[in-house]
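The values are calculated or read from the model by the stated rules, or taken from the named source; none is laboratory data. If you're wondering where the values come from, they're calculated on a predicted model, not measured in any experiment. FYI the Cβ positions are ideal-geometry reconstructions off the backbone, even for glycines, and counts take in every protein chain you see. Surface areas here come from the heavy atoms of the whole protein model, side chains and all, with no ligands, DNA or RNA. Shrake-Rupley method; radii C 1.70, N 1.55, O 1.52, S 1.80 Å.
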Amino acid sequence: MSRVVHPIEQESFRRLRARLDTSGLPPLTRAVVERVIHSAADLEYADDLVMAEADLVPAHAALRAGAPVVVDVEMVAAGITRRETVCRLKDAVAGPGLTRSAHAVRLAYEQVGPGALWVIGCAPTALEELLTLDASPALVIGLPVGFVGAAESKAALRASGLPAVSNVSEKGGSAVAAAALNALLYHPIPTEEKP
């Protein structure tokens, strides 16, 4: 079933493209960059985001095949409009050297196992915990926000070699993380692609 795009969204993307030429980007990269920029009305993400089309193609296929989507907080889950998600934050408890967000990642991994798409838009400690697991993710969208640990956790994600979408700065958040996942969900399968 194709997605019906509201005229306001169409106009918003038209204006975005009038201000930023994304036509040279590969298809999935372009979709993620544009949807993240659209979600934050922040053109700086064009130079801040880090991803590889070679990581996005198998992640897109994994989504189409029904791979689980795990989120760090309910705010990210609320922004993902076309897929059920797993969020274990309500079940998690903090302990010595362990935040609730980190414990929630452990609980979620126990539930879904390898091959999931992980969408982290709030807690750097959730991303840090994910990097300690042998999660074999289809993709990690690591866009936590904050002045403590956010940029560092995203740098660690990039250094890990895992397939990922991240950004260099301290910016991020639930809306942009959900937008990055939605870009993949909304993008047509390759045989449906139009110029």
| query | Here are some conditions: (1) under 24 Å from Val140 (Cα atoms); (2) touching a helix residue (DSSP H, G or I) at 6+ places or on another chain (Cβ under 8 Å); (3) without any contact (Cβ under 8 Å) to a residue 60 or more places away in the chain; (4) of a type outside the set (Ser, Thr, Tyr). His60 meets all but one. Which one does it not meet? | reply | (3)
| Any idea which residue in the stretch 78-97 is farthest from Leu181 (Cα to Cα), counting only those that are part of a helix (DSSP H, G or I) and in contact (Cβ under 8 Å) with a residue 24 or more places away in the chain? | Ala78
| query | Can you name every residue in the stretch 117-132 that is among the small types (Gly, Ala, Ser) and part of a helix (DSSP H, G or I)? | reply | Ala126
| task | Could you list, in sequence order, all residues of the stretch 156-170 that are surrounded by fewer than 16 Cβ atoms within 10 Å (Cβ to Cβ) and assigned to a loop (DSSP other than H, G, I, E, B)? | result | Gly161, Val168, Ser169
| task | Spot the failing condition for Gly66; the list is (1) more than 18 Å from Ala135 (Cβ to Cβ); (2) out of contact with any Leu (no Cβ under 9 Å at 6 or more places or on another chain), and only one is missed. | result | (1)
| Scanning for something among the β-branched types (Val, Ile, Thr), in contact with a Ser or Thr (Cβ under 8 Å, 6 or more places away or on another chain) and at pLDDT 95 or above, does the stretch 78-98 turn up at least one residue? | no
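Sort out which residues of the stretch 136-155 are surrounded by fewer than 19 Cβ atoms within 10 Å (Cβ to Cβ) and over 17 Å from Asp47 (Cα atoms), and write them in order of number.
Passing the criteria: Ser136, Gly146, Phe147, Val148, Gly149, Glu152.
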| query | How many residues, within the stretch 98-115, are open to solvent by less than 90 Å² (accessible area, probe 1.4 Å), out of contact with any Pro (no Cβ under 8 Å at 6 or more places or on another chain) and either on the phi > 0 side of the Ramachandran plot or assigned to a helix (DSSP H, G or I) (or both)? | reply | 9
